[in-house]
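Student: Before we start, here is the structure in question, set down as structure tokens.
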Amino acid sequence: MKLENKISLVTGGSRGIGRATAIKFASEGSHIILNYRSNDEEANTTCNDIKKFKVNCMKAKYDISRQDEAKELVVESIKQFGGVDILFNNAGIMLTNTYDIKDFEKMINTNLYSMVYLIEGLKENFMKRGGKIINVSSVAGITTALEGTTYYSITKGAVITLTRRYAYELGKYKVNVNAIAPGYIETDLTKKGKSEDEWKKIVESISKKTILGRIGRPEDIANVALFLASDDSDFITGQIIVADGGRIDYITHSL
Ligand code: NDP
């Protein structure tokens with residue numbers, strides 16, 4: 001067991017990448033604080049799946065794009081579990097084809113500020129007990145990955161700087177801070193609003209531009225997260241691990 005008796009806080013854990021990661025961590029012996037914003041049914045299902053591994057799962061319904069709710073999540077986590085060993089900063093939204101500054105604000109609050117609220121809120125906890133912080137960025141934060149994602153990409157690029165800064169600040173307390181930059185992963189975030197036909201075409205097109213010839217699954221990211229959460233990555237910090245099947249960015253490459 002790689003995470004026996006560890007306490008993991010997984011944000012956006014009810015579905016997609018967060019769900020797969022929470023289940024993976026639980027399968028390695030970690031208790032889970034499962035944060036989500038709105039969908040109780042999905043959170044119930046995921047918590048039930050987690051409990052099959054004989055670990056605790058606490059559902060934590062907080063909108064962490066809001067500072068007050070993120071603060072409450074920190075207080076409740078410490079109250080219920082005594083502390084947190086692993087923070088998987090994953091909750092995120094992607095609003096595309098928009099240059100509305102209100103949409104930008106929503107993405108900054110969810111994709112970026114939430115991470116800052118939680119890291120700052122748990123700073124003392126981590127300085128006392130060490131631990132692992134894993135932030136979910138995106139290939140969109142590194143390359144010009146997809147049309148219509150300018151504001152989203154800016155938030156994901158900032159996650160990279162955030163990761164390096166906190167790695168620098170917290171390293172002396174034995175806290176490793178790393179990020180994962182996933183490529184195109186099949187979740188609600190990518191499928192939402194697309195017909196089956198449209199989805200099929202996107203999958204085909206992206207698979208063609210990917211060395212490994214397929215799009216990603218949430219479990220592909222959960223496997224990287226487990227590595228970064230476990231002792232196996234004790235000498236790694238401030239790094240951005242790209243997990244995208246070797247995607248060839250056609251905009252960059254056609255320039
Ligand atoms: P999903 O849309 O499948 O899941 C998002 C999760 O985040 C849900 O559990 C949702 O809860 C939660 N969430 C959203 N907003 C908040 C909030 N304000 N407070 C608390 N929880 C919130 O997304 P993915 O699994 O695809 O994405 C996870 C992360 O990975 C995101 O940061 C995304 O940007 C990133 N990513 C995804 C890629 C992909 O291709 N899928 C590629 C690269 C990065 P609820 O349903 O209750 O609102």
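The values are calculated or read from the model by the stated rules, or taken from the named source; none is laboratory data. Note that the structure is a prediction, hence the values are computed from the model and not measured. Cβ: placed from backbone, ideal geometry, glycine included. Neighbour counts: every protein chain shown. These area figures cover heavy atoms from the full protein model, side chains too; ligands, DNA and RNA do not enter into them. Shrake-Rupley method; radii C 1.70, N 1.55, O 1.52, S 1.80 Å.
Student: Just to make sure I understand: if all protein chains stay in place, what is the order of Ser137, Ser65, Ser38 by accessible area at 1.4 Å, largest first?
Tutor: Ser38, Ser65, Ser137
Student: Which angle between 0 and 90 degrees, to the nearest 10, do you get for helix 218-229 versus the longest principal axis of the chain when only C-alpha atoms count?
Tutor: In the chain, helix 218-229 runs at an angle near 40 degrees to the longest axis.
Student: Given a 10 angstrom Cα cut-off, can you work out which residue in Asp103, Asp40, Asp197 is the most mobile in a GNM of the chain?
Tutor: Asp197
Student: Shifting gears a bit: Just want to confirm a number: the relative contact order over the chain, from Cα pairs under 8 angstrom separated by 6+ residues, in percent.
Tutor: 19 percent.
Student: Suppose each label sits 7 Å from its Cα in the direction of the beta carbon; what would the Lys194-Asp49 distance come out to in nanometres?
Tutor: Each label point lies 7 Å from its Cα, and together they span 2.0 nm.
Student: Determine ³J(HN,Hα), in whole Hz, for all residues of the stretch 71-81 in sequence, where each value follows from phi through the Karplus function 6.51 cos²θ - 1.76 cosθ + 1.60 and θ = phi - 60°; x replaces Gly and Pro.
Tutor: 5, 4, 4, 4, 4, 5, 4, 5, 4, 7, 10
Student: At a Förster radius of 22 Å, what calculated FRET efficiency corresponds to the Cβ-Cβ distance of Asn39 and Tyr99, to the nearest 0.05?
Tutor: Using R0 = 22 Å, I get an efficiency of 0.20.
Student: Can you tell me the mean projection area, over all orientations, of the convex hull of the stretch 1-125's alpha carbons? Units nm², please.
Tutor: 7.5
Student: Need one number: convex hull volume per residue for the chain, Cα atoms only, in Å³.
Tutor: With only Cα atoms used, the chain gives 126 Å³ per residue.
Student: Still on this structure, please answer the following. Determine by what factor the alpha-carbon radius of gyration of the stretch 86-201 differs from 2.2 N^0.38 Å, reporting the quotient.
Tutor: Its radius of gyration relative to the 2.2 N^0.38 Å reference: 1.16.
Student: Okay, next question. Hey, what angle do you get for helix 196-208 against the long axis of the chain, alpha-carbon based, 0 to 90 degrees rounded to 10?
Tutor: That works out to roughly 90 degrees.
Student: Moving on. How much mean residue ellipticity at 222 nm does the chain get from its helices, if each DSSP H run of length 4 or more adds -39500 (n - 2.57) and you divide by all residues, to the nearest 500 deg cm²/dmol?
Tutor: Per the formula, -13500 deg cm²/dmol.
Student: Scan the chain and report its longest stretch carrying no GluC sites (Glu not before Pro) that are both in a DSSP loop and have at most 15 other Cβ atoms within 10 Å.
Tutor: No qualifying site falls inside 5-146, the longest such stretch.
Student: Next up: At most 12 other Cβ atoms within 10 Å plus a DSSP loop assignment makes a site exposed; report the longest stretch of the chain without any exposed chymotrypsin sites (Phe, Trp or Tyr not before Pro).
Tutor: Free of exposed loop sites, the longest segment is 100-234.
Student: For the chain, set up a Gaussian network in which alpha carbons nearer than 10 Å are linked by springs, and say which option among Thr21, Thr210, Thr46 fluctuates the most.
Tutor: In this elastic network of the chain, the residue with the biggest mean-square fluctuation among Thr21, Thr210, Thr46 is Thr210.
Student: If the elastic network links every pair of Cα atoms under 10 Å, which of Lys128, Lys106, Lys61 fluctuates the most in the Gaussian network model of the chain?
Tutor: Lys128
Student: Could you give the angle, 0 to 90 degrees to the nearest 10, between helix 16-27's Cα long axis and the longest principal axis of the Cα atoms of the chain?
Tutor: Helix 16-27 and the main axis of the chain meet at about 40 degrees.
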